[in-house]
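> For reference, the structure I am asking about is given below.
The numbers here are math on the coordinates, done by the rules we state, and not lab data. Owing to the predicted nature of the structure, the values given are computational and were not obtained by experimental measurement. Cβ placement follows ideal geometry from the backbone for every residue including glycine, while neighbour counts extend to all protein chains displayed.
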Amino acid sequence: RKEVEQDPGPFNVPEGATVAFNCTYSNSASQSFFWYRQDCRKEPKLLMSVYSSGNEDGRFTAQLNRASQYISLLIRDSKLSDSATYLCVVNTGNNNDMRFGAGTRLTVKP
Amino acid sequence: ETGVTQSPTHLIKTRGQQVTLRCSSQSGHNTVSWYQQALGQGPQFIFQYYREEENGRGNFPPRFSGLQFPNYSSELNVNALELDDSALYLCASSRGTQETQYFGPGTRLLVL
């Protein structure tokens, strides 16, 4: 089993749609969690950290369920510019190792 | 932009050669982490440098080595290149070993 697993997609949605991505992780000792976005042939960029109580940044909402070892990202009112690959990232706290999922690809269409 | 720079942007090498990739961290950051990203995959952790010492390593062979300098810039060295080493190599800098990481634009390495 991979340490961080994501649905690879692709997700193809119309503008204005709401879309949710899920991510599971295997190491119960994991300490911090992030969502990054990566545009084609570019570097990953931090989208948001994920806190235990859940957190929201504009149209983006991230949630963490430690008991189920599950992270989610919800995007409301999708824009064309949201088209990218979304990477789930888990810091296990061991060896300063940030574990990335393989990413979920989103395409928002007009 | 993150302020993290990498050089070169692209590189072509042949099997068996050696390569050095460079990374300049963001001002105020003392930690640099290196990742390998194969096509269609997420980045894989190679190692991390904190205050000029290796501070964690992923599952990569010893022919992947690194350095960090007093100004916190870093190098990644790969010896005896193999075809499977073809990938995007990313460095990320952070204020500390457990802090949020900010990525540079990467170096695309092709091994022929």
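> For chain B, set up a GNM with springs between Cα atoms under 10 Å and report which of B:Arg22, B:Arg51, B:Arg63 has the largest fluctuation.
B:Arg63
> Under the rule that a partner needs its Cβ under 4.7 Å from the first Cβ, which Cys of the protein assembly as shown have none?
Cys with no partner Cβ under 4.7 Å: A:Cys40.
> What share of Cα pairs, in percent, lie more than 15 angstrom apart in the stretch A:1-85? Write out the running numbers ahead of the final one.
Working: 2133 of 3570 pairs.
So the portion of pairs separated by more than 15 Å is 60 percent.
> Separate question: Only sites in a loop by DSSP and with at most 13 other Cβ atoms within 10 Å count here; which chymotrypsin sites (Phe, Trp or Tyr not before Pro) in the stretch A:1-95 make the cut?
A:Tyr51
> If you don't mind, there's one more thing I want to ask. Can you give the three extents of the C-alpha atoms in the protein assembly as shown along their principal axes, from longest to shortest, in whole Å?
49, 36, 35
> Counting every Cα pair in the stretch B:1-57, what percent are over 18 Å apart?
The answer is 48 percent, as a whole percent.
> Let me ask another. Considering amide H positions built from the backbone, and no H for Pro or chain starts, which residues 5 or more places from A:Gly54, or on another chain, come under 5 Å of its amide H?
The list, which skips near neighbours in sequence, is A:Leu64.
> Roughly how compact is chain B, stated as its Cα Rg over 2.2 N^0.38 Å to two decimals?
So the Cα radius of gyration is 0.98 times the expected 2.2 N^0.38 Å.
> Moving on to the next point. What value does the stretch B:47-102 have for Rg/Rh, both radii from Cα atoms and Rh as Kirkwood defines it?
0.97
> Please report how far the C-alpha centroid of the stretch B:1-75 lies from that of the stretch B:79-112, rounded to the nearest whole angstrom.
When both Cα centres are located, 5 Å separates them.
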